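The next block holds one structure in the form of structure tokens; read it before the comments.
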Amino acid sequence: MQVDTLLGRFLQVREVDQAPRLFYQPTPGSSVWTEVQLALPEWDDNSWWRNGNGTVVLDTLNLDGRGAPEVLATVETYHMGSGSGSRWVYQAVLDVSAKPVLLLRGLTEIEEETHGPGAEGTPADELVVSCERKMALRNHEVVVGATYTVGKPDSVTCAILTKLPAGRYRYQHGNIVRVGN
């Protein structure tokens with residue numbers, strides 16, 4: 001088991017064959033830690049999150065101007081094998097003013113890389129393909145970018161990304177509201 005402190009009041013816990021877990025300390029110095037439900041997407045056998053390679057990175061910004069700053073949790077995992085690899089990125093915006101509440105979430109990046117037999121002489125855009133969108137906290141808003149592709153990903157790969165309109169979102173009266181492009 002590996003435990004890392006993030007931003008002083010969060011713990012990232014990684015165990016063998018388990019998805020990464022995130023805990024929050026509501027009051028500094030308290031012995032109470034609350035698990036944050038990241039709601040990682042599930043498919044197949046969900047081994048993507050349980051391979052031990054998952055990491056959590058946090059960013060904060062007070063979106064509503066009240067209470068504790070909201071948190072953008074970015075969870076990344078990858079698989080590497082003989083001749084290929086994959087990387088998946090999931091992002092979630094959380095309100096941790098009281099009990100942690102999930103406000104917005106999405107699978108935001110998928111990357112597939114292929115090497116091995118036939119790789120030599122293969123165009124670069126067939127070796128690494130990805131579908132991506134960026135999500136960031138900026139100026140009291142959540143900014144969600146448009147989906148873009150690298151290489152020639154198939155339609156199935158891109159279809160897995162969360163359907164979330166690009167634009168600017170604000171946290172108002174307990175809800176995330178899209179306010180523009």
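The values are calculated or read from the model by the stated rules, or taken from the named source; none is laboratory data. Since this is a predicted model, take the numbers as computed values, not measurements. Here the Cβ is made from the backbone with ideal geometry for all residues, glycine too, and neighbour counts use every protein chain on show.
A few remarks follow.
- Once the range 152-166 is narrowed to residues that are of a type in the set (A, V, I, L, M, F, W, C) and assigned to a helix (DSSP H, G or I), the residue that is farthest from E132 (Cα to Cα) is V156.
- Neighbours by Cβ (under 7 Å, 6+ apart or cross-chain): first from the range 45-65, at positive phi; second crowded, with 17+ Cβ neighbours inside 10 Å and at pLDDT below 95: G52/R14
- Within the range 52-71, the residues that satisfy the criterion of being under 23 Å from R178 (Cβ atoms) and of a type in the set (S, T, N, Q) are T60, N62.
- Of all residues in the range 149-167, those satisfying the criterion of being under 25 Å from L63 (Cβ atoms) and surrounded by fewer than 16 Cβ atoms within 10 Å (Cβ to Cβ) are K163, P165, A166, G167.
- Residue match in the range 120-130 (condition: touching a strand residue (DSSP E or B) at 6+ places or on another chain (Cβ under 9 Å), part of a strand (DSSP E or B) and at pLDDT 90 or above): no
- Scanning the range 1-35 for residues that are β-branched (V, I, T), farther than 19 Å from N53 by Cα and surrounded by 14 or more Cβ atoms within 10 Å (Cβ to Cβ) yields one hit, T34.
- Residue list for the range 83-100, filter: modelled with pLDDT under 90, of a type outside the set (S, T, Y) and in a strand (DSSP E or B): G85, R87, W88
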